[in-house]
Amino acid sequence: MNLRDSIGVLGRFWKEFSKERSGIAGLSLLLAFVILGVLGPAIVPFPEATGHWRDISFWQDNPRAAPPAWTNWFSSRKGAVSTVLRGPKVQEGNPGDGTGVTTFSFNYRADFDKPPRDVVIRFQGRGQVPVSIEVERPDGLVAEIFREQLELAEGDLQRVSIDRNCAQSLIEFVRAQDEALASTMSAGTIKPLYVLFSRIGKGLGETPLPLKGDYVLRVSALRLSPDFSVDPPEVMVSGDVAGILGTDISKRDVFTGLIVGIRWALVIGILTSIVTVLCGVFFGVTAAFFGGVVDWLLNRIYELIYLMPVLPFLIVISAIFKPTIWSLIIIICLFFWTGPYKPAYSMALQIREETYVEASRGIGSGRWRIIVRHIVPILLPYSFAVMALSIPGVIVYEASVSLLGLGDATIVTWGQLLNDALGQGAVINNLWWWVVPPGLMIALMGMSFAFLGTALDKILHPKLRTR
């Protein structure tokens, strides 16, 4: 078959395929998954999450168990949205001799009813650098919330948390405005973020009134020596709501985990289905064409594996050996090749009796040449349909093993997300954004391949078109 013939065959196939609505729906879903999987690092807020998913320090500045940001649309009291402030306005003082003061200014718009859970200023630099932090509020008051000398080392990250490090400074700020009110406060009981983002007055401790408007956070760093320096800091606003799909109890971004899991779902599903279908077709054709002892042996092996319960076996193996994702794929392949084996075996028994096969045998063609040239090409279209239909089962089996805590904990899969959610009380605590999205993604991925497989089955088996 030359290139023109191949293009013609593909054109006719696409014409038939485009008539199947289920196939178009499945293909659209699959393309969406592939695009999200490829563009994952560019669209997630934490592109380095793959290597730090279980690193607590990597997520420490995120809010714990925060619902998605879009839930603000349905709430009467809006919560602050988690965000990172970068690119500050820089103002140099006494430049030229390597010493002086550098001031970094961040603008922040507060239009929420519930203040952030924390605001963390993160520093990197070199040497002993005195740092002061002040916040200019919309009412014109300026609160100096931090003043201390930081020991900065190359590559180390220093953090200043307003919630943990600035309570006493905020009490002094209130004292300058209302001494009687400040006398009722203590550093161990006040909520610093409520003080900073609320009106100063009666009820500040119990029912604070939010102060909405533009805030300016200024970070001033004193350079005592030309050898000392501080890089432009980042300000992490840990809000009451966070991201597209919120965070879990370990402060990890659920949306990031969901997108990272797409690649592993595609790898596990497609790779396993390709191996299992190729093995099943190969064994089925071999048994049918060679017959005799080969036929008897392969059929007995098929019956033994086919009758063995897959999921309990996977659970036992995973509990004993703690397999990696690659060894888990191999184990699944050992069971799933039985799916395409019997249909391929039956079809090969029929094909081997065809006239052109007998003619090929009569002119001296060997067994393997007949299998490769005459039998396998006829079974390949069927293989594509079986491959698409087998992928959902593979994804569900991997998710089931991971859900039970027996999967590969070094990677991020949807099953791992569900296992963490159920193990850490997401259902009891009504953290629905941690449970529903992974389950929905598993269902959608399975649906996409199921739709594709059904459409291919109808096209490649004309008798099914009337059903």
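The values are calculated or read from the model by the stated rules, or taken from the named source; none is laboratory data. What you are looking at is a predicted structure, and each value in this text was computed from that prediction instead of being measured. Note that we place each Cβ from the backbone using ideal geometry, even for glycine, and neighbour counts take in every protein chain shown.
Here is a check on your reading of the model: is residue 457 part of a loop (DSSP other than H, G, I, E, B), touching a Leu at 6+ places or on another chain (Cβ under 8 Å) and either among the aliphatic types (A, V, I, L, M) or touching a residue at least 12 places away in the same chain (Cβ under 8 Å) (or both)?
no
Residues of the stretch 384-420 being surrounded by fewer than 21 Cβ atoms within 10 Å (Cβ to Cβ), of a type in the set (Gly, Ala, Ser) and in contact (Cβ under 8 Å) with a residue 60 or more places away in the chain, which ones?
400, 409 - these are the residues of the stretch 384-420 that are surrounded by fewer than 21 Cβ atoms within 10 Å (Cβ to Cβ), of a type in the set (Gly, Ala, Ser) and in contact (Cβ under 8 Å) with a residue 60 or more places away in the chain.
Given 276, 256, which one is of a type in the set (S, T, N, Q), modelled with pLDDT of 90 or more and either under 22 Å from residue 442 (Cα atoms) or in contact with a His (Cβ under 7 Å, 6 or more places away or on another chain) (or both)?
Answer to the check: 256.
Matching residues to (1) in contact (Cβ under 8 Å) with a residue 60 or more places away in the chain; (2) assigned to a helix (DSSP H, G or I); (3) not aromatic (Phe, Trp, Tyr):
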{"site": "207", "(1), (2), (3)": "no, no, yes"}
{"site": "216", "(1), (2), (3)": "yes, no, yes"}
{"site": "225", "(1), (2), (3)": "yes, no, yes"}
{"site": "245", "(1), (2), (3)": "yes, no, yes"}
{"site": "259", "(1), (2), (3)": "yes, yes, yes"}
{"site": "270", "(1), (2), (3)": "yes, yes, yes"}
{"site": "303", "(1), (2), (3)": "no, yes, yes"}
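Identify the residue in the stretch 199-220 that is modelled with pLDDT of 90 or more and among the small types (Gly, Ala, Ser) and, among all such residues, is surrounded by the fewest Cβ atoms within 10 Å (Cβ to Cβ).
Filtering first and then ranking leaves 213.
If a residue has to be over 18 Å from residue 403 (Cβ atoms), within 26 Å of the chain's Cα centre (by Cα) and in contact (Cβ under 8 Å) with a residue 24 or more places away in the chain to count, how many in the stretch 318-337 make the cut?
Total satisfying the criteria: 1.
Please verify whether residue 420 is under 16 Å from the mean Cα position of the chain (by Cα), more than 20 Å from residue 27 (Cα to Cα), assigned by TED's automatic domain parsing to the domain that holds residue 259 and in a helix (DSSP H, G or I), treating the condition exactly as stated.
Here the answer is yes, as residue 420 does meet what is asked.
Residue 203: in a loop (DSSP other than H, G, I, E, B) and closer than 30 Å to residue 125 by Cβ, yes or no?
No.
For residue 235, all conditions in the list (1) within 40 Å of the chain's Cα centre (by Cα); (2) surrounded by 17 or more Cβ atoms within 10 Å (Cβ to Cβ); (3) of a type in the set (A, V, I, L, M); (4) part of a loop (DSSP other than H, G, I, E, B) hold save one; what is the number of the exception?
Here residue 235 clears every test but (4).
Any residue in the stretch 88-109 that is assigned by TED's automatic domain parsing to the domain that holds residue 226, hydrophobic (A, V, I, L, M, F, W, C), surrounded by 15 or more Cβ atoms within 10 Å (Cβ to Cβ) and not in a strand (DSSP E or B)? Spell out the reasoning first.
Of the stretch 88-109, the ones assigned by TED's automatic domain parsing to the domain that holds residue 226 are 88-109.
Checking the rest, the ones that are also hydrophobic (A, V, I, L, M, F, W, C) come to 90, 101, 104, 106.
From what is left, the residues that are surrounded by 15 or more Cβ atoms within 10 Å (Cβ to Cβ) are 101, 104, 106.
Imposing the further condition that a residue be not in a strand (DSSP E or B) reduces the set to none.
No, the stretch 88-109 has no match at all.
Exactly one condition in (1) under 17 Å from residue 146 (Cα atoms); (2) touching a helix residue (DSSP H, G or I) at 6+ places or on another chain (Cβ under 8 Å) is false for residue 185; which is it?
Of everything listed in (1) under 17 Å from residue 146 (Cα atoms); (2) touching a helix residue (DSSP H, G or I) at 6+ places or on another chain (Cβ under 8 Å), residue 185 misses just condition (1).
Kindly provide the set of residues from the stretch 421-467 that are buried (at least 21 other Cβ atoms within 10 Å of the Cβ), modelled with pLDDT of 85 or more and of a type in the set (Gly, Ala, Ser), ordered by number.
421, 426, 448
Just checking, which of 286, 324 is modelled with pLDDT of 85 or more and either hydroxyl-bearing (Ser, Thr, Tyr) or exposed (fewer than 15 other Cβ atoms within 10 Å of the Cβ) (or both)?
Answer to the check: 286.
Can you name the residue in the stretch 5-64 that is out of contact with any Phe, Trp or Tyr (no Cβ under 7 Å at 6 or more places or on another chain) and of a type in the set (Ser, Thr, Tyr) and is also surrounded by the fewest Cβ atoms within 10 Å (Cβ to Cβ) among such residues?
57
Only one of (1) more than 26 Å from residue 68 (Cβ to Cβ); (2) of a type outside the set (Phe, Trp, Tyr); (3) touching a helix residue (DSSP H, G or I) at 6+ places or on another chain (Cβ under 6 Å) is not met by residue 419, so which one is it?
Only one criterion in (1) more than 26 Å from residue 68 (Cβ to Cβ); (2) of a type outside the set (Phe, Trp, Tyr); (3) touching a helix residue (DSSP H, G or I) at 6+ places or on another chain (Cβ under 6 Å) is unmet by residue 419, namely (1).
Would you say residue 139 is touching a residue at least 60 places away in the same chain (Cβ under 8 Å) and surrounded by fewer than 21 Cβ atoms within 10 Å (Cβ to Cβ)? Walk me through how you get there before you give the answer.
Working: touching a residue at least 60 places away in the same chain (Cβ under 8 Å): yes; surrounded by fewer than 21 Cβ atoms within 10 Å (Cβ to Cβ): yes.
Yes.
Could you check residue 404 against (1) at pLDDT below 75; (2) more than 21 Å from residue 315 (Cβ to Cβ) and say which number it fails?
Answer for residue 404: the failing condition is (2).
So in the stretch 126-138, with the set limited to residues that are charged (D, E, K, R) and modelled with pLDDT of 90 or more, which one is farthest from residue 219 (Cα to Cα)?
Among residues in the stretch 126-138 that are charged (D, E, K, R) and modelled with pLDDT of 90 or more, the one farthest from residue 219 (Cα to Cα) is 137.
Give me a count of the residues in the stretch 147-168 that are out of contact with any Pro (no Cβ under 6 Å at 6 or more places or on another chain) and buried (at least 19 other Cβ atoms within 10 Å of the Cβ).
Here the count works out to 2.
Let me spell it out: the conditions are (1) of a type in the set (Val, Ile, Thr); (2) part of a helix (DSSP H, G or I); (3) closer than 25 Å to residue 87 by Cα, and residue 174 meets all of them except one. Which number is the exception?
Result: residue 174 passes all but (3).
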